[in-house]
1. Go through the range 41-64 and give me each residue that's in contact with a strand residue (DSSP E or B) (Cβ under 7 Å, 6 or more places away or on another chain) and either farther than 18 Å from L19 by Cβ or β-branched (V, I, T) (or both).
2. Based on what the data block shows, is F95 closer than 14 Å to I13 by Cβ and touching a residue at least 12 places away in the same chain (Cβ under 8 Å)?
3. Identify all residues within the range 6-30 that are loosely packed, with under 12 Cβ neighbours inside 10 Å and touching a strand residue (DSSP E or B) at 6+ places or on another chain (Cβ under 8 Å); write none if there are none.
4. Kindly list the number of the only condition in (1) touching a strand residue (DSSP E or B) at 6+ places or on another chain (Cβ under 9 Å); (2) more than 22 Å from Y93 (Cα to Cα) that fails for I35.
5. Could you check the range 31-63 and list, in sequence order, the residues that are in contact (Cβ under 8 Å) with a residue 60 or more places away in the chain and open to solvent by 90 Å² or more (accessible area, probe 1.4 Å)?
6. Of the residues in the range 1-30, how many are assigned to a loop (DSSP other than H, G, I, E, B) and under 15 Å from Q55 (Cα atoms)?
Amino acid sequence: MQWNAPEGFNRPIYNSDHLYSSLNQLKRLVNLELISSEVFVHVEESAHKIANVIQNYKRLPSNWGVIHSDLHESNYVFYDDTPQSIDFSNCGYGFYLFYFIV
């Protein structure tokens, strides 16, 4: 929240359009029979609920900015017993809430 992006900093925007694009990519797995259509229905319902939150949330400096967007057990290390994020290759702009709903 305190970091200011330098001029020309160009990163993806993680919004509802991005979410629906990801959902369409996942739908291909149904066609390949890697995910059942029954399971995909639940994923799709969840995506619509998340998109609704994203679309109705007002963008403010306190809740919108640069996010990691790929934080998982392989993308943090501990330094002096404090977790530190690494690998910011997928960082972009989004709601800080993104960490908790996706």
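1. Taking the range 41-64 as the starting set, the residues that turn out to be in contact with a strand residue (DSSP E or B) (Cβ under 7 Å, 6 or more places away or on another chain) are 54, 57, 63-64.
Correct list: I54 only.
2. Numbers: closer than 14 Å to I13 by Cβ: yes; touching a residue at least 12 places away in the same chain (Cβ under 8 Å): yes.
Against the criterion (closer than 14 Å to I13 by Cβ and touching a residue at least 12 places away in the same chain (Cβ under 8 Å)), F95 qualifies.
3. I13
4. Of (1) touching a strand residue (DSSP E or B) at 6+ places or on another chain (Cβ under 9 Å); (2) more than 22 Å from Y93 (Cα to Cα), only one is false for I35: (1).
5. Of all residues in the range 31-63, those in contact (Cβ under 8 Å) with a residue 60 or more places away in the chain come to 61-62.
Result: P61, single match.
6. Filtering the range 1-30 for residues assigned to a loop (DSSP other than H, G, I, E, B) gives 1-12, 15.
Filter again for under 15 Å from Q55 (Cα atoms), leaving 15.
Number satisfying all stated conditions: 1.
The values are calculated or read from the model by the stated rules, or taken from the named source; none is laboratory data. No experiment lies behind these values; they were computed from the predicted model shown. Because the Cβ atoms are built from the backbone with ideal geometry, glycine has one as well, and the counts that use them run over all protein chains shown. The accessibility values were calculated without ligands, DNA or RNA, using every heavy atom of the protein model including side chains. Shrake-Rupley method; radii C 1.70, N 1.55, O 1.52, S 1.80 Å.
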